[in-house]
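Novice: Dumping the structure here so I can ask a few things about it.
The values are calculated or read from the model by the stated rules, or taken from the named source; none is laboratory data. Note that this is a predicted model, so its numbers are computed, not measured. Cβ sites come from the backbone with ideal geometry, for glycine too, and all protein chains shown count toward neighbours.
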Amino acid sequence: MFLALRQRENIYNVARKFFTIVGVASLPGSFLVNAPFGRFAPQSNFLAVDGRLGWVLMELWSPLGFIYGILNSPLSEKSSESQLSMPQMILVGCYMVHYLNRGFISPARAPSRSRMHIFMPLTGLFLNTTNGGLLGSYISSPSAYQYLQPGNAFTSPHFYVGVFLWAIGFLGNFWADEILCDIRRKGILRGKEEKVSHGTEYYGIPNGFLYRWISFPNYLCEWVEMFGWALAASPAPRLTDLIWLLTPGGIYSMALTTPPSKFAPTLTPPWIFLLVEICLMIPRAYKGHQWYKKKFGKAFPKDRKAVIPYIF
């Protein structure tokens with residue numbers, strides 16, 4: 001028996017609130033605990049999986065959840081029967097291209113990837129499916145259909161600027177990753193095969209492109225990419241739906257006392273994804289930057305920042 005529309009809306013609102021609160025709450029904890037992959041991969045092989053396989057299994061669930069959300073949106077009785085507008089289709093294509101690169105092309109291009117703890121793909125199964133489902137449910141919803149009618153979207157600077165920023169961020173992300181891949185390819189050619197064969201990546205100091213100023217331009221470019229996607233897909237949230245993020249008391253109130261149906265109503269899934277992504281990546285960029293400085297010492301550019309040029 002299919003759930004009633006109201007029941008499915010409740011599930012959507014619970015998932016929207018849960019994903020937001022978990023993402024925001026992870027920010028302080030991620031400064032204390034390293035996610036066990038990449039340069040922070042576990043030393044032991046116990047419960048460790050191949051880096052490429054683990055990455056694919058971690059990222060696969062977001063596009064699958066996205067497709068499922070589009071076909072079975074809890075926000076409309078007839079969402080699976082309605083036709084998406086051209087602007088909606090463009091944004092669906094942008095999202096799928098992003099995850100095609102992130103989940104499949106990126107690990108295939110990398111000559112080596114460190115093993116990761118099985119915790120990462122299991123976490124991806126849970127969180128990425130939720131995120132993808134929320135985004136798919138939103139992009140195929142009646143409100144998105146109205147907002148993204150060709151007569152609205154194709155006459156709005158927000159849509160064109162958003163798609164442009166998505167494209168710039170995507171290309172920048174690809175370029176930044178290619179520089180890292182090239183370092184590992186050269187490492188293999190210089191006789192570093194032993195490290196690679198034992199499931200660890202070869203690291204060097206990246207240079208060129210935005211690496212002149214920051215250690216993680218791939219993170220910054222992904223933020224630009226998903227900011228553009230959110231800008232094109234949805235109205236920006238009201239300030240009153242963001243102000244609670246600034247105080248522990250506000251987060252506590254939203255997490256424990258605000259019903260899901262009343263949780264930040266203008267904070268739509270595209271903006272939630274951007275918010276959560278930044279919360280997850282800022283600590284990893286900071287700790288990765290410190291790791292670079294410790295590993296390479298005086299050889300590492302002293303004026304380089306972690307993820308925002310000249311600032312952070």
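Novice: Determine whether the stretch 227-249 contains at least one residue that is out of contact with any Gly (no Cβ under 8 Å at 6 or more places or on another chain), buried (at least 19 other Cβ atoms within 10 Å of the Cβ), outside any helix (DSSP H, G or I) and not β-branched (V, I, T).
Specialist: Yes, that holds for at least one residue.
Novice: Can you report the number of residues in the stretch 39-59 which are touching a helix residue (DSSP H, G or I) at 6+ places or on another chain (Cβ under 8 Å) and touching a residue at least 60 places away in the same chain (Cβ under 8 Å)?
Specialist: Number satisfying all stated conditions: 12.
Novice: Output the residue which, of all residues in the stretch 191-226 that are of a type in the set (A, V, I, L, M), farther than 30 Å from P265 by Cβ and assigned to a helix (DSSP H, G or I), is modelled with the lowest pLDDT.
Specialist: Top of the filtered list is V196.
Novice: Next up: Of L91, L71, L125, which residue is under 20 Å from A232 (Cα atoms) and not basic (K, R)?
Specialist: After applying the criteria, what remains is L91.
Novice: For residues that are within 14 Å of W223 (Cβ to Cβ) and touching a strand residue (DSSP E or B) at 6+ places or on another chain (Cβ under 6 Å), scanning just the stretch 283-311, find the one that is surrounded by the most Cβ atoms within 10 Å (Cβ to Cβ).
Specialist: Out of the qualifying residues, it is V307.
Novice: Test L53 against the criterion of being at pLDDT 85 or above, farther than 18 Å from A144 by Cβ and in a helix (DSSP H, G or I), and give yes or no.
Specialist: yes
Novice: How many of the residues making up the stretch 128-177 are more than 16 Å from the chain's Cα centre (by Cα) and more than 22 Å from R212 (Cα to Cα)?
Specialist: Summing the residues that are more than 16 Å from the chain's Cα centre (by Cα) and more than 22 Å from R212 (Cα to Cα) in the stretch 128-177 gives 28.
Novice: Next up: May I ask you to verify whether Q83 is over 20 Å from N218 (Cα atoms) and without any contact (Cβ under 8 Å) to a residue 60 or more places away in the chain?
Specialist: yes
A quick yes/no check of all residues on (1) in contact with a Pro (Cβ under 9 Å, 6 or more places away or on another chain); (2) assigned to a helix (DSSP H, G or I); (3) aliphatic (A, V, I, L, M):
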| residue | (1), (2), (3) |
| --- | --- |
| N10 | yes, yes, no |
| V22 | no, yes, yes |
| A25 | no, yes, yes |
| L32 | yes, no, yes |
